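**Student:** Got a structure here, written out as structure tokens. Questions coming.
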Amino acid sequence: MWKQSRYGKGVVRGERPAEPERAAPPEDAAERRDDAEVGDEAYVNCPFDEAQYKAFVRALVESEKVEARDFEQVRYFEGCLPCEVMAARGEQTLSFGPMKPVGLTDPRTGRRPYAVIQLRPEDEAATAYNLVGFQTRMKYAEQLRVFRMVPGLEEADFLRMGSVHRNTFVDAPALLGPAMELRALPGVHLAGQIAGVEGYVESAAAGFVCAMLLAQKLRNEPLRPPPPTTALGGILTHLGRKQPTYQPSNITWAHIAPLDPAQGKLRKRARYEAMAERALRDLDAWWAAG
Ligand SMILES: Cc1cc2nc3c(=O)[nH]c(=O)nc-3n(C[C@H](O)[C@H](O)[C@H](O)COP(=O)(O)OP(=O)(O)OC[C@H]3O[C@@H](n4cnc5c(N)ncnc54)[C@H](O)[C@@H]3O)c2cc1C
């Protein structure tokens, strides 16, 4: 095992990375979770060779899982799938997900391993670690057996076992009005995960937006939501976007209003930069007018 953050480009807590060094913003939520808020050598990497990887995937698929109860509907959030569900989708699914080896070099071989599991410290003294991206429904005894197959964890002590969590959220586009207020129960405003957003930052941001809208309502002012060109506004866009089965979402570029077509077709990086600059401009103007 060795310590390294992906691409060696982790962000030391509280510091901004040098801009030119920064990788393009990852597009999927799982990747964002992996790379957010970590120190330069924040992860411990457990490398797999091909045979170890395939045996591990087989063990995940064949392991005993906790059965769903009659009253449980098993509907997983795609951004946070249990590892055995990913393994069952295809032998290589995990190697393109939480076990992807990109941006990591095994110092013993000088090469990228076939696959990795990353461990993230749980406490400042780094006495305990969690497995990044490994939700699971495996029975506890099976977790001990299967996770001890991870190279480096053969003799690990397990302090806490994994379990699948349940998200409770409303069908926001159907139930929430423009002030994040329950249409059927005026005076009750929802923010955070229960309102239908996903993620730490998004939940805090939704609380902020909800408070702003509530303050405007209490002052009898017309509602002035944050512009749809900003990430704060994008949260409201997603909450208002009707879907056949509503699912919470992290903030993504898809929730932010597209650029004016008059600006022509830009490459992805340039497009994101232009959207970010526009967002900061529009946010300043919105804030100044408040
Ligand atoms: C295992 C796991 C891993 C996650 N990993 C990430 C991650 O890496 N990155 C990320 O961005 N997001 C992650 N999330 C999602 C993130 O945790 C949530 O989106 C976020 O915490 C939601 O914040 P919230 O304040 O809306 O709700 P919560 O954090 O759920 O807070 C709700 C609070 O209300 C309390 N409460 C409930 N009912 C009552 C009641 N009747 N009276 C009083 N209090 C009550 C609860 O105890 C709780 O403290 C993860 C979630 C889980 C479960």
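Just so it is clear, none of the values below were taken in a lab; they were calculated from the coordinates. Since the model is a prediction, treat every value here as computed from it, not as a measurement. Every residue, glycine as well, gets a Cβ built from its backbone with ideal geometry; the counts of neighbours run over all protein chains shown.
**Student:** Debye calculation, C-alpha points only, no solvent: report log10 I(q)/I(0) for the chain at q = 0.08, 0.12, 0.14 Å⁻¹, in the same order as the q values.
**Tutor:** -0.44, -0.94, -1.17
**Student:** Under the Karplus relation 6.51 cos²θ - 1.76 cosθ + 1.60, θ = phi - 60°, what is the ordered set of whole-Hz ³J(HN,Hα) values for region 74-84, x standing for Gly and Pro?
**Tutor:** 8, 10, 7, 7, 4, x, 8, 6, x, 4, 6
**Student:** Something else about it: Give, as a single signed number, the net charge of other residues whose beta carbon lies under 14 Å from the beta carbon of ASP171, with Lys and Arg counted +1 and Asp and Glu -1.
**Tutor:** Working: positive: ARG75, ARG183, ARG241, LYS242; negative: none.
Net charge in that neighbourhood comes out at +4.
**Student:** Compute the acute angle (0 to 90°) between the alpha-carbon long axis of helix 200-218 and the principal axis of greatest extent of the alpha-carbon atoms of the chain; round to the nearest 10°.
**Tutor:** 20 degrees
**Student:** Still on this model: Could you give the distance between the Cα centres of region 104-129 and region 225-248, to the whole Å?
**Tutor:** 36 Å
**Student:** Along Cα→Cβ, 7 Å out, is where each label goes; now give me the distance between the ones at GLN263 and ARG75 in nm to one decimal.
**Tutor:** That separation, rounded to one decimal, is 3.5 nm.
**Student:** Sticking with this one: Quick one: Cα centre-to-centre distance for region 68-84 and region 198-213, in angstrom?
**Tutor:** Cα centres, region 68-84 to region 198-213: 26 Å.
**Student:** Please list 246-252, 210-216, 111-117 highest first by mean number of surrounding beta-carbon atoms within 10 Å per residue.
**Tutor:** Values: 246-252: 19.3, 210-216: 17.1, 111-117: 20.9.
Order by mean packing, descending: 111-117, 246-252, 210-216.
**Student:** Quote the charge dipole size of the chain about the Cα centre in Debye, to the nearest 20; the model charges only the Cβ of Lys and Arg (+1) and of Asp and Glu (-1). Walk me through the intermediate numbers first.
**Tutor:** On the way: 38 positive and 39 negative charges, 144 e Å.
The calculated dipole for the chain is roughly 700 debye.
**Student:** Could you tell me which of the pairs LYS100/LYS242; LYS217/LYS242; LYS54/LYS242 are separated by over 29 angstrom between their Cα atoms in the structure shown? Please list the in-between numbers first.
**Tutor:** Details: LYS100/LYS242 33 Å; LYS217/LYS242 24 Å; LYS54/LYS242 41 Å.
Violating the 29 Å Cα-Cα cut-off are LYS100/LYS242; LYS54/LYS242.
**Student:** Just to confirm the number: angle between the C-alpha axis of helix 231-240 and the first principal axis of the chain, 0 to 90 degrees, nearest 10?
**Tutor:** The angle comes out at about 90 degrees.
**Student:** For region 151-290, just say rounded, prolate or oblate: build the C-alpha gyration tensor, square-root its eigenvalues into a ≥ b ≥ c, call rounded for a/c under 1.5, and beyond that prolate if a/b exceeds b/c, oblate if not. Mind showing how you got there, number by number?
**Tutor:** Values: a/c = 2.09, a/b = 1.24, b/c = 1.69.
Because a/c hits 1.5 or more and a/b fails to exceed b/c, region 151-290 counts as oblate.
**Student:** For the charge dipole of the chain, defined by +1 on Lys and Arg C-beta atoms and -1 on Asp and Glu C-beta atoms about the Cα centroid, which residue among GLN263, HIS238, ALA215 has the Cα displaced farthest towards the positive pole?
**Tutor:** Of GLN263, HIS238, ALA215, it is GLN263.
**Student:** Turning to a different aspect of this structure: Can you give the relative contact order of the chain as a percent, counting alpha carbon pairs under 8 Å and 6+ residues apart?
**Tutor:** On the way: 394 pairs, mean separation 41.3, N = 290.
Computed value for the chain: 14 percent relative contact order.
**Student:** Helix 50-62 against the longest principal axis of the chain: what's the angle in degrees, Cα atoms only, rounded to the nearest 10?
**Tutor:** 70 degrees
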